[in-house]
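In what follows, a single structure is set out as structure tokens and then discussed.
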Amino acid sequence: MLTELTIGGFVKDLGSEKPAPGGGSASGLAGALAVSLVKMVAHLSGEGHEEVISRSQTLTDELLDLVNRDTEAFNQVMAAFKLPKGTDEEKKTRRQAIQAATRLATEVPLRIVEVSLEVLTLAKKMAFHGNKNALSDAGVAGLLGVAACRGASYNVLINLPGLKDDEFVSITKKRLEELLSQADELEQTIGDHVRAALS
């Protein structure tokens, strides 16, 4: 499990010659780091932020799970491509396996975007209403959160052309556009507030 590695071990694995873990798992980790900072700011902000702390923990757990799942999904795609294709039946089985694995490899990073968008919402809340001495931390949470959104979106987009389900592709593209639009807006709001307050 990637999330059971040390930081050094994860970075080493990420920088190895292996194609996975890659950008999707790194994006999930960025989201987990972002929401951990949100949780820290909430802890430092006194009473009234218990809900943010609780929700942050839930999102942390899901994002760490997605770090592992993204690499597992990629490995499933690679395994599907290695299936035998000597007979017509084998070819059919292989095609179906590739489609199923590619869809999973699209759905996992899309979920990273969705969860990281909620992280950005919490980061905004802490930037505006959290401990002012931890404002820079809330700002970093915003940056890492939007990096998670955009990074994971690339993993969605790179897999869509390989899918034959046109309806799923269309729905996913539209959903992704909506999510990224919201992420951009939140990033702008958080960034403007943090820079103005720290200037």
task: Sort out which residues of the range 139-197 are more than 30 Å from residue 40 (Cβ to Cβ), in contact (Cβ under 8 Å) with a residue 60 or more places away in the chain and open to solvent by 80 Å² or more (accessible area, probe 1.4 Å), and write them in order of number.
output: 164, 175
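State yes or no: is residue 123 within 18 Å of residue 146 (Cα to Cα) and under 23 Å from the mean Cα position of the chain (by Cα)?
Working: within 18 Å of residue 146 (Cα to Cα): yes; under 23 Å from the mean Cα position of the chain (by Cα): yes.
Judged against the criteria, residue 123 is a match.
For the condition of a type in the set (Ser, Thr, Tyr) and modelled with pLDDT under 95, what is the one hit in 199, 170, 116? Break it down into steps so the answer makes sense when it comes.
Details: 170 fails: modelled with pLDDT under 95; 116 fails: modelled with pLDDT under 95.
The conditions single out 199.
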statement: Reported set for the range 36-54 where residues are farther than 10 Å from residue 134 by Cα, open to solvent by 50 Å² or more (accessible area, probe 1.4 Å) and assigned to a loop (DSSP other than H, G, I, E, B) is 47, 48
- request: For residue 57, state whether it is out of contact with any Leu (no Cβ under 9 Å at 6 or more places or on another chain), among the polar types (S, T, N, Q), closer than 30 Å to residue 145 by Cβ and open to solvent by 20 Å² or more (accessible area, probe 1.4 Å).
  value: yes
query: Within the range 43-77, which residues are β-branched (Val, Ile, Thr) and under 28 Å from residue 103 (Cα atoms)?
result: 58, 60, 67, 71, 77
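So if I check each of 94, 69, 103, which one is out of contact with any Gly (no Cβ under 6 Å at 6 or more places or on another chain) and crowded, with 22+ Cβ neighbours inside 10 Å? Can you show your working first?
Working: 94 fails: crowded, with 22+ Cβ neighbours inside 10 Å; 103 fails: crowded, with 22+ Cβ neighbours inside 10 Å.
One residue alone meets the criteria, 69.
Can you tell me which residue among 68, 131 is touching a Ser or Thr at 6+ places or on another chain (Cβ under 9 Å), over 30 Å from residue 197 (Cβ atoms) and polar (S, T, N, Q)? So that I can check it myself, show each step before the final result.
Details: 131 fails: over 30 Å from residue 197 (Cβ atoms).
Exactly one residue qualifies, and that residue is 68.
The values are calculated or read from the model by the stated rules, or taken from the named source; none is laboratory data. Just so we're clear, the structure is a prediction, and the values are computed from it rather than from any experiment. Note: ideal-geometry Cβ built from the backbone for every residue, glycine included; neighbour counts use all protein chains shown. For the accessible areas, the whole protein counts, side chains as well, though only heavy atoms, and no ligand, DNA or RNA atoms are used. Shrake-Rupley method; radii C 1.70, N 1.55, O 1.52, S 1.80 Å.
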